[in-house]
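Colleague: The following block contains the structure, expressed as structure tokens.
Nothing in this text is a laboratory measurement; each read-out follows from the coordinates by a stated rule. Keep in mind the model is a prediction, meaning the values are calculated, not measured. Quick reminder, even Gly has a Cβ in these numbers, built from the backbone with ideal geometry, and neighbours come from all protein chains shown.
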Amino acid sequence: MRTFIAAAAIAFALPAAAESLDVPSGTYVLDKTHASVVWKINHLGFSTYTAMFERAGIDATITLDADDVAKSSLTASVDVNEVLTGHTIEFDPRSIDFDQEIASDMFLNAPATPVATFESTGIEVTGENTANITGNLTLNNQTHPLVLETTLNGAGDNPMSGAPHIGVTATGVIDRTMYGINTLAGPVGTDVTIEIQGEFAYKE
């Protein structure tokens, strides 16, 4: 049965830590080998279908104000062609490439709008290691606000490279129909949960 995916998975979260961080201010770029954008959606009321995007198609940059995290900013993008469901042709009774079907104009409309983007508009520090990051998510040529509930996993020198790193986890929920993605709405859920993991390395 066809399932849906919400590309909104784009947004990476800014470091949400107290009000300051013990790392340098500046630009931090995503370490794609230690990042993921996972999406989850209700399938027919029986299960929560879970899939993700290929790491190669994910990108994000944080401009960090380490003295005042709320003044930081974030941009992120996901290539919505890069769907990874693990549902291969041999498992599909229709012999259809399910990754391609999700990326098609039935759902994500990647042929017409191949990249989804997120740009932060504000950060509210909510706890010692948490913050809400508000921004605009653009998907399928539609732009709507998205709030990411963010947790700082760690900020400091990476023991492998010696360079400053930031690690975050973030979650958000979108209504796919707001982005014009209506196929199978009802049998398949309209709310899509996005779960993001990201490590960011200091660039300058």
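Colleague: Given 10 Å bins starting at zero, what is the percent of C-alpha pairs of the stretch 142-203 in each, up to the one with the largest pair distance?
Modeller: Pairs per bin, as whole percents: 19, 34, 24, 16, 8.
Colleague: Projected onto the charge dipole of the chain (+1 at Lys/Arg Cβ, -1 at Asp/Glu Cβ, origin at the Cα centre), which of A35, S161, V78 gives the Cα projection farthest towards the positive end?
Modeller: V78
Colleague: What spacing in nm lies between the two simple spin-label points modelled at A163 and H34, each 7 Å away from Cα in the Cβ direction?
Modeller: The answer from the label model is 1.1 nm.
Colleague: Now for a different question. Throw me the Rg/Rh for the stretch 103-183, computed over C-alpha atoms with Kirkwood Rh, two decimals. Don't skip to the answer; put the middle values down first.
Modeller: Details: Rg = 16.3 Å, Rh = 14.7 Å.
Across the stretch 103-183, the Cα-based Rg/Rh ratio is 1.11.
Colleague: Could you tally the net charge around E90, taking each other residue with its Cβ under 14 Å from the Cβ of E90, Lys/Arg +1 and Asp/Glu -1? Show your work: numbers first, answer last.
Modeller: On the way: positive: R94; negative: D92, D97, D99.
So the surrounding residues net to -2.
Colleague: Something else now. Just add up the charged neighbours of T63: K/R +1, D/E -1, any other residue whose Cβ is under 15 Å from the Cβ of T63. Kindly include the intermediate steps, with their values, before the conclusion.
Modeller: Working: positive: K71, K203; negative: D59, D65, D67, D68, E119, E204.
With Lys, Arg at +1 and Asp, Glu at -1, the net is -4.
Colleague: Additional query: If the only charges are +1 at each Lys and Arg Cβ and -1 at each Asp and Glu Cβ, what is the size of the charge dipole of the stretch 80-179 around the Cα centre, to the nearest 20 debye? Don't skip to the answer; put the middle values down first.
Modeller: Working: 2 positive and 13 negative charges, 32 e Å.
Its charge dipole is roughly 160 debye.
Colleague: Now for a different question. Out of the stretch 42-101, which trypsin sites (Lys or Arg not before Pro) are coil in DSSP terms and have no more than 16 other C-beta atoms within 10 Å?
Modeller: For trypsin sites (Lys or Arg not before Pro) across the stretch 42-101 that sit outside H, G, I, E and B with at most 16 neighbouring Cβ atoms in 10 Å, the list reads R94.
Colleague: Still on this structure, please answer the following. Provide the FRET efficiency to the nearest 0.05 for the E204-V115 pair, computing r from the beta carbons and using R0 = 22 Å. It would help to have the intermediate numbers written out before the result.
Modeller: Working: r = 25 Å, r/R0 = 1.12.
That pair, E204 with V115, gives E of 0.35.
Colleague: To the nearest whole percent, what portion of all C-alpha pairs in the stretch 63-115 is separated by more than 15 angstrom?
Modeller: Values: 821 of 1378 pairs.
That tail contains 60 percent of the Cα-Cα pairs.
Colleague: Plugging the Kirkwood radius over Cα pairs into Stokes-Einstein for the chain, at a temperature of 25 °C and a viscosity of 0.890 mPa s, what D comes out in µm²/s? Mind showing how you got there, number by number?
Modeller: Values: Rh = 17.2 Å.
Diffusion coefficient, whole number: 143 µm²/s.
Colleague: A further question follows. List, largest first, the extents of the alpha carbons of the stretch 48-143 along their principal axes, each in whole Å.
Modeller: 54, 27, 22
Colleague: Now for a different question. Any idea what the dipole of the stretch 33-108 comes to, in debye rounded to 20, about its Cα centre with Lys/Arg Cβ at +1 and Asp/Glu Cβ at -1? Intermediate values should be presented prior to the final figure.
Modeller: On the way: 4 positive and 13 negative charges, 53 e Å.
Roughly 260 debye for the stretch 33-108.
Colleague: For the chain, what is the calculated [θ] at 222 nm in deg cm²/dmol (nearest 500), taking -39500 (n - 2.57) for each run of four or more DSSP H residues and dividing by its residue count?
Modeller: Working: 1 runs with 6 residues, N = 204.
Counting only the DSSP helices, I get -500 deg cm²/dmol.
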